[in-house]
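The values are calculated or read from the model by the stated rules, or taken from the named source; none is laboratory data. As the structure is a prediction and not an experimental result, all values here were calculated from the model. Cβ placement follows ideal geometry from the backbone for every residue including glycine, while neighbour counts extend to all protein chains displayed. The accessibility values were calculated without ligands, DNA or RNA, using every heavy atom of the protein model including side chains. Shrake-Rupley method; radii C 1.70, N 1.55, O 1.52, S 1.80 Å.
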Amino acid sequence: MRTRQLLISFLALMCSTYLHAQVFDDYFTDNTLRIDYIFAGDRNQQNIYVDQLSKTKGWFGRRKRLNQLPLEGNGQITVTDSLTGKVIYRHSFSTLFQEWISTEESKNTPKSFENVFLVPFPQRTAIVRVDLFDYHQNVSSSLTHVVDPSDILIRCLPLTSNKCVTLQQASDTTNCIKIAYVAEGYTKNQMNSFLEDAKIATEALFEHEPFKTMRGVFNIVCVESESKEEGTSIPHDNKWKDTVLGSHFDTFYSQRYLTTLHLKRLHDALSGIPYEHIIVLVNTSQYGGGGIYNSYNLSSTKHKHFRPVVVHEFGHSFGGLADEYEYTDSDPMYFSDTEPWEPNITTKHNFGLKWQNLIDEGKAGLVEGGGYQTKGVWRGLPDCRMRTNEHKDFCPVCQQALQRLIDFYVK
Ligand SMILES: [Zn+2]
């Protein structure tokens, strides 16, 4: 009986592996379609426009669960095969544009933001749809466009001339999570310093569970993108620097919020390199950072809190984790009629299976405060890497959420 069960499970495993392989090879070539979009608008109305399409050699994202989402996200991209009508690829993301929509500026001034998404290169004509969601998870903006893979105006991008150093090779490079560090504000002569900072970030990351246990599934490279000037722009000190990614503090007038709005430059710097998740290391001693789910994260490397900050920001950009701290005066982003998609906070609207198992085991509870709100949002534990720099680890709720995501990508 046991042998028979084993045989059945073995056949089921073989079958699912076969199906995964079939789906990718049936619909895609081993190349990347990069789609640049412009997201534009103001508080009342947002629009999405196609900017340009390009192709690079190799596909470095996942090759299984292609039509499933890792998390819901604040936006989604969906690729449908035009012949069969089948959804052949989905991915979720968040954007700075959607954060900006909640600022005062968006009430009176329409603005545009660059966004870049990577999808596996389709073999035949595909329909691509981009959806953005509001705070109640309703579609706030949507664009559908057709991509003909034989379109002569899809630009073929060459491999970047930036030097790429492998910091850690995954044990199975065909089934792993690919991370790239990108240098920002390091001059040509400072690349040793960049590589040292990348090593510090890597050691900090793998001191945290579940990354520590899962280290072997991560493939990590460092991209030596040179800046003309060192550092980054600090608008509140009237300091502007000529750097490769044009990053700056004071994003949306928030002093410590360090971002780049130049998504096209960021992806140009990585063209042809094996990457899916991006960690930008910024050569400054000014405290700050930022992380956007499935887009990128940035951290300042010369500040004493570099280690916890880079891990915290990776929690946002890779894990889709929400901040577990609160402000006393912020406008609410989470409402009692909507369950946040972020796995480490809840409004108790539809708590479902988020961390009920950990509550049952006595490993977590429901602690009020999180997602920048003092009321109406609950987290699982008093402290966490997503709450303070002083705490050592991700809380059990975040660890479980990160483990589920790692499994989604590689299991
Ligand atoms: Zn947590």
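Does T328 satisfy being in contact (Cβ under 8 Å) with a residue 12 or more places away in the chain, crowded, with 23+ Cβ neighbours inside 10 Å, farther than 25 Å from Q76 by Cβ and more than 15 Å from the ligand (Cβ to nearest atom)? I'd like the intermediate steps shown before the answer.
Values: in contact (Cβ under 8 Å) with a residue 12 or more places away in the chain: yes; crowded, with 23+ Cβ neighbours inside 10 Å: no; farther than 25 Å from Q76 by Cβ: yes; more than 15 Å from the ligand (Cβ to nearest atom): yes.
The answer is no for T328.
For every residue, the table says whether it meets (1) farther than 25 Å from G290 by Cα; (2) at pLDDT 95 or above.
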| site | (1), (2) |
| --- | --- |
| T3 | yes, no |
| F28 | yes, yes |
| T32 | yes, yes |
| R63 | yes, no |
| Q76 | no, yes |
| D81 | yes, yes |
| N115 | no, yes |
Can you tell me which residue among G272, G216 is of a type in the set (G, A, S) and assigned to a loop (DSSP other than H, G, I, E, B)?
G272
Suppose we filter the range 364-382 for residues that are open to solvent by 30 Å² or more (accessible area, probe 1.4 Å), within 13 Å of the ligand (Cβ to nearest atom) and not in a loop (DSSP other than H, G, I, E, B); how many remain?
2
Which of the residues that make up the range 391-411 are open to solvent by 40 Å² or more (accessible area, probe 1.4 Å), assigned to a loop (DSSP other than H, G, I, E, B) and either within 13 Å of the ligand (Cβ to nearest atom) or in contact (Cβ under 8 Å) with a residue 40 or more places away in the chain (or both)?
H391, K392, D393
All positions within the range 340-363 that are open to solvent by less than 20 Å² (accessible area, probe 1.4 Å) and in contact with a strand residue (DSSP E or B) (Cβ under 9 Å, 6 or more places away or on another chain)
P340, N344, I345, T346, T347, W355
Go through the residues of the range 88-99 one by one and say whether even a single one is open to solvent by 30 Å² or more (accessible area, probe 1.4 Å), of a type outside the set (K, R) and out of contact with any helix residue (DSSP H, G or I) (no Cβ under 8 Å at 6 or more places or on another chain).
no
What's the number of the only condition in (1) over 15 Å from I77 (Cα atoms); (2) under 21 Å from the mean Cα position of the chain (by Cα); (3) surrounded by fewer than 17 Cβ atoms within 10 Å (Cβ to Cβ) that N108 fails to meet?
(2)
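To keep it simple, each residue is scored yes or no on (1) more than 17 Å from the chain's Cα centre (by Cα); (2) over 20 Å from N115 (Cβ atoms); (3) modelled with pLDDT under 95; (4) open to solvent by less than 10 Å² (accessible area, probe 1.4 Å).
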| position | (1), (2), (3), (4) |
| --- | --- |
| I234 | yes, yes, no, no |
| D237 | yes, yes, no, no |
| G246 | yes, no, no, no |
| V282 | yes, yes, no, yes |
| S285 | yes, yes, no, no |
| N294 | no, no, no, no |
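Return a yes/no flag: does the range 111-124 have any residue that is under 22 Å from the mean Cα position of the chain (by Cα) and without any contact (Cβ under 8 Å) to a residue 60 or more places away in the chain.
As a first pass, look at the range 111-124 and keep what is under 22 Å from the mean Cα position of the chain (by Cα): 112-121.
Filter once more, so that each one left must be without any contact (Cβ under 8 Å) to a residue 60 or more places away in the chain: none.
No: the range 111-124 contains no residue that is under 22 Å from the mean Cα position of the chain (by Cα) and without any contact (Cβ under 8 Å) to a residue 60 or more places away in the chain.
Of a type in the set (G, A, S), in a loop (DSSP other than H, G, I, E, B), open to solvent by 60 Å² or more (accessible area, probe 1.4 Å) and out of contact with any strand residue (DSSP E or B) (no Cβ under 7 Å at 6 or more places or on another chain): does that describe S102?
Taking the combined requirement at face value, the residue does not satisfy it.
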